[in-house]
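> A single structure is presented below for examination.
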């Protein structure tokens, strides 16, 4: 099949990654974008770009008709779906075929076969691929699902049959949790995939998530490209992936590879696909699902094989045979990928939105390091899409080399401007459980429940307080302070922490005293981003930005916001228990109260969905609902008042 122009039906780092390979191969590229993405990097990277609707995905990136129309208007003969959005929608692949457009992915029949996760498991059982016990029936009544849950026992996974990326999935530890899990998974699946059908699966406790990359061409050839270990997860979503798995032997790789190839053959697969397995403590593997697309974590496979998997996708779609036979596939070294999320890992991984003040990934690039991102300094992270904004990948001769390089890259490429998990990723890479390959798929969630130090916001380092005081004193010294004042106290705050430091500015030096410790900090140079300074004879560099009346400092992988405490008292309505506010910008997913209702402390009020996560607002005190300022499916801004309460006197 001959085509010259490729439309990428996706956004962000996904679209950028696909376009880079397409352009390398000589193809022209077409971007599509929503109103929220008008200035996004993927729009300017493409040769042409077409506006397809408003910010919410249902009004833009999930509109098959608008994507097909954009291809026709630009003369794109092929469409690459990226990963996520419509990449696993059989109707999209069929719409492309009906329009005479090459779909750079598997045929619609294969997507349909594997997209129905219950049907896929039935096919796998027929093909002899081991599967975990579960319920795959058509009876979707709550009574039947509850009965089957009781039969299977807990812990139990409730999964959307059309799901992916952790959406439409709930973990049940007690059968008392099952009704709420069924309702939440069904609601989320209906919103994300237009299909609320559910299945049940017994959770393999202490398991590892290991997947096999398969590739098939239009000539009947199917091979695998080894495994990826995606065990480090929070809330069933991947955080760190690596290849090869530290627990998989060559013999185990061969067995899993054979089962993955059998899975692809069972549905007449073509293109790139990922067969996901859960591996128990005895290293027995069970089929979970097949993702009929390229995965977010594919760069680790590219690093250890030396292959470009998007190039393979394009060549296969053009009718070429696979470039290699199974026996020709070689693996070299170890690769690890960390997903940089716009989220607060110390507040339940709550998603964050806002402006990117500093993002310069090129400063972290070195041999063996790759960063895929879809954000740009000065741009906005909107609430409509996935919280992942970049991937940082490192390759080394051995696993320890990859860990060391990845940790350094995370420190050298800080994201400043909105909360993110960069510091958490660096700390996780150094945690003994990760270093010693003792992770399992539920460990991070267990740590969160227990208050593991890794998931507790770390205290601001003493040196960071001193540096912030020196910078603020240097800025204030010539204007806000009287010339007769040689030294003064600065009271600074970062989050809930406060420190008072004594500062004495000189020409280019500031003496700082705090808690009996004296330091002399010389500010050498500052371009508004990189600050060069010397403390106690040691010169260092850090990222330092003015943000409002305070500073944002990035040091050793940690980004800290520090500002001077105002001497004037202020009233903060954000903590008023009478007002339930949206934690982030998002969409109202559910409302469980109405005006006049009596509520107890801790009772759920409104559910806000943002960046693939549902967050319930709860009453902070007992009382009566005075007003509800929200409607289901309505978009709301961060901080918007959604529910007003009249608080009981003894509340």
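> Sort out for me the Cα centre separation of the range 49-121 from the range 606-647, rounded to whole Å.
What the calculation gives is 34 Å, centre to centre.
> First obtain the Kirkwood hydrodynamic radius of the chain from its Cα pairs, then insert it into the Stokes-Einstein equation at 10 °C and 1.306 mPa s, and state the resulting D in µm² per second as a whole number.
60
> Another question, then. Mind checking the full-extension length gain between residue 452 and residue 254? Use 0.36 nm per residue of separation minus the Cα-Cα distance, one decimal, nm.
My answer for the length gained is 67.6 nm.
> If you don't mind, another one. Please work out whether the range 133-202 counts as rounded, prolate or oblate from its C-alpha gyration tensor, where a ≥ b ≥ c are the square roots of the eigenvalues and a/c under 1.5 means rounded, while otherwise a/b larger than b/c means prolate and anything else oblate?
Prolate shape, in that a/c is at least 1.5 and a/b is the bigger ratio.
> Assuming a ≥ b ≥ c are the square roots of the Cα gyration tensor eigenvalues, decide whether the range 462-564 counts as rounded (a/c under 1.5), prolate (otherwise, with a/b larger than b/c) or oblate.
Rounded, because the longest to shortest axis ratio a/c is under 1.5.
> Moving to a separate point now. Using Cβ contacts closer than 10 Å as the measure, can you line up 332, 131, 607, 16 from fewest to most?
Lowest count first: 332, 131, 607, 16.
> Turning to a different aspect of this structure: At 222 nm, what value in deg cm²/dmol follows for the chain if DSSP H runs of at least 4 each add -39500 (n - 2.57) and the sum is divided by all its residues, to the nearest 500?
-8000 deg cm²/dmol
> Roughly how tilted is helix 64-74, in degrees to the nearest 10 and between 0 and 90, from the longest Cα axis of the chain?
90
> In vacuo Debye scattering of the range 208-455, one point per C-alpha: log10 I(q)/I(0) at q = 0.13, 0.14, 0.16 Å⁻¹?
The Cα Debye sum returns log10 ratios of -0.83, -0.95, -1.20.
> Based on the alpha carbon coordinates of the range 1-41, what radius of gyration and maximum Cα-Cα distance (Dmax) apply, in Å?
10.7, 35
Every read-out reported here was derived from the displayed coordinates using simple, explicitly stated rules and does not represent laboratory data. All values reported here derive from a predicted model rather than from experimental measurement. Virtual Cβ from ideal backbone geometry, glycine too; neighbours counted across all protein chains shown.
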